[in-house]
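The values are calculated or read from the model by the stated rules, or taken from the named source; none is laboratory data. The structure presented is a predicted model; accordingly, all values stated were derived computationally and were not measured. Quick reminder, even Gly has a Cβ in these numbers, built from the backbone with ideal geometry, and neighbours come from all protein chains shown. In case anyone asks, the SASA skips ligands and DNA or RNA and just uses the protein heavy atoms, side chains included. Shrake-Rupley method; radii C 1.70, N 1.55, O 1.52, S 1.80 Å.
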Amino acid sequence: MKQYQAILYDLDGTVLNTLDMNMIPLMRIIEEETKEHWTYEEVLKFASYPGMKVMEELGINNKEETYARWVRYVNEYEAGATLYDGFEQVFEALDQHMIQAVVSAKTIEQYQIDFVSKGLDRYMKTAVLADDTQKHKPDPEPLLECLKRLQVEAKDAIYIGDALSDYLAAQNANIDFGYATWGSVSKDGIDHPDLIIHRPLELLQLLDHKK
């Protein structure tokens, strides 16, 4: 197992199970804006898209206002975001051995609600979020910004994500990619990940070289 100084995490679909809380409100938004009734399976194609990209794909006229309403519906969704089983153990185990950080398309408000409110930010050295960069995944800018903040070279980091945009961003930043299969909607295009993980606790294998 390659030795890494830093592990960077995507959040939605990787650390946090946010699928229902994002997709069900999106179905509501689509109906309000287009009068069309989309099924859950139909909206799943947007599961890995950044929010504003979804608005563009749907051809929404008032993108900013509609996206803000979608965020409000998401925040009001009763079940909320839940942590995938095993991550608290992973964060705690890696905490003394590797730098941990977040690179996510979430807004700061969503990050506060879904992650900080659970006290999980205490494990993270930094978080690069939607408003921190001009460009977004699959562009490498968010990952490169994170490396800059951490003062870590690309060869010494691994990015854990569930979506094609995560994989491409890692490739474009020359960072190794760990494919989190448990929250992935589609593996299309994720052809050669450096690591494939089927459950969060498997990330503890990154500590093998430390023993």
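Does the range 185-199 include one or more residues that are at pLDDT below 95 and among the basic types (Lys, Arg)? Yes - at least one qualifying residue is present in the range 185-199.
Could you say which residue among Glu36, Glu41 is over 30 Å from Leu94 (Cα atoms), open to solvent by 60 Å² or more (accessible area, probe 1.4 Å) and either in contact (Cβ under 8 Å) with a residue 40 or more places away in the chain or more than 22 Å from the chain's Cα centre (by Cα) (or both)? Just one listed residue meets the conditions, Glu36.
Quick check on my filter: what residues within the range 23-33 are out of contact with any Ser or Thr (no Cβ under 9 Å at 6 or more places or on another chain) and open to solvent by 30 Å² or more (accessible area, probe 1.4 Å)? Correct list: Ile24, Arg28, Glu31.
Report yes if Glu56 is more than 17 Å from the chain's Cα centre (by Cα), within 29 Å of Ile175 (Cα to Cα) and in a helix (DSSP H, G or I), otherwise no. Yes: the conditions hold for Glu56. Is there a residue in the range 45-52 that is in a helix (DSSP H, G or I), closer than 24 Å to Ala127 by Cα and aromatic (Phe, Trp, Tyr)? Within the range 45-52 (the criterion being in a helix (DSSP H, G or I), closer than 24 Å to Ala127 by Cα and aromatic (Phe, Trp, Tyr)), the answer is yes, since at least one residue qualifies. Taking residues in the range 134-161 that are within 14 Å of Asn174 (Cα to Cα), and partners anywhere that are basic (Lys, Arg) and open to solvent by 80 Å² or more (accessible area, probe 1.4 Å), the pairs with Cβ atoms closer than 6 Å and at least 6 places apart or on different chains are Glu141/Lys135. Of all residues being in a helix (DSSP H, G or I) and among the aliphatic types (A, V, I, L, M) in the range 67-81, which is least open to solvent (accessible area, probe 1.4 Å)? Just the residue, please. If we take residues in the range 67-81 being in a helix (DSSP H, G or I) and among the aliphatic types (A, V, I, L, M), then Val74 is least open to solvent (accessible area, probe 1.4 Å). From the list Tyr123, Tyr159, the lone residue that is surrounded by 22 or more Cβ atoms within 10 Å (Cβ to Cβ) and closer than 19 Å to Pro200 by Cβ is Tyr159.
Per-residue answers, yes or no, for (1) at pLDDT below 95; (2) of a type in the set (Asp, Glu); (3) more than 22 Å from Lys137 (Cα to Cα):
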| position | (1), (2), (3) |
| --- | --- |
| Gly86 | no, no, yes |
| Gln96 | yes, no, yes |
| Val102 | no, no, no |
| Ile108 | yes, no, no |
| Leu120 | no, no, yes |
| Tyr123 | no, no, yes |
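Among the candidates Gly13, Gly86, the residue that is surrounded by 17 or more Cβ atoms within 10 Å (Cβ to Cβ) and within 30 Å of Ile175 (Cα to Cα) is uniquely Gly13.
Scan the range 138-166 for residues that are out of contact with any strand residue (DSSP E or B) (no Cβ under 8 Å at 6 or more places or on another chain) and either outside any helix (DSSP H, G or I) or closer than 21 Å to Lys187 by Cβ (or both) and the total you get is 8.
Tallying residues that are outside any loop (DSSP other than H, G, I, E, B), in contact (Cβ under 8 Å) with a residue 24 or more places away in the chain and either open to solvent by 10 Å² or more (accessible area, probe 1.4 Å) or polar (S, T, N, Q) (or both) within the range 172-199 yields 5. Of all residue pairs spaced 6 or more apart or on separate chains, those with beta-carbon atoms under 9 Å, a first member in the range 48-59 that is open to solvent by 30 Å² or more (accessible area, probe 1.4 Å) and a second member that is of a type in the set (D, E, K, R) and assigned to a loop (DSSP other than H, G, I, E, B) are Ser48/Asp162; Pro50/Lys137.
Could you tell me whether any residue of the range 48-68 is touching a Leu at 6+ places or on another chain (Cβ under 6 Å), closer than 30 Å to Ala157 by Cα and small (Gly, Ala, Ser)? Taking every residue of the range 48-68 in turn, none turns out to be touching a Leu at 6+ places or on another chain (Cβ under 6 Å), closer than 30 Å to Ala157 by Cα and small (Gly, Ala, Ser).
Could you say whether any residue in the range 94-102 is open to solvent by 30 Å² or more (accessible area, probe 1.4 Å), farther than 21 Å from Tyr77 by Cβ and acidic (Asp, Glu)? Among the residues of the range 94-102, at least one is open to solvent by 30 Å² or more (accessible area, probe 1.4 Å), farther than 21 Å from Tyr77 by Cβ and acidic (Asp, Glu), which makes the answer yes.
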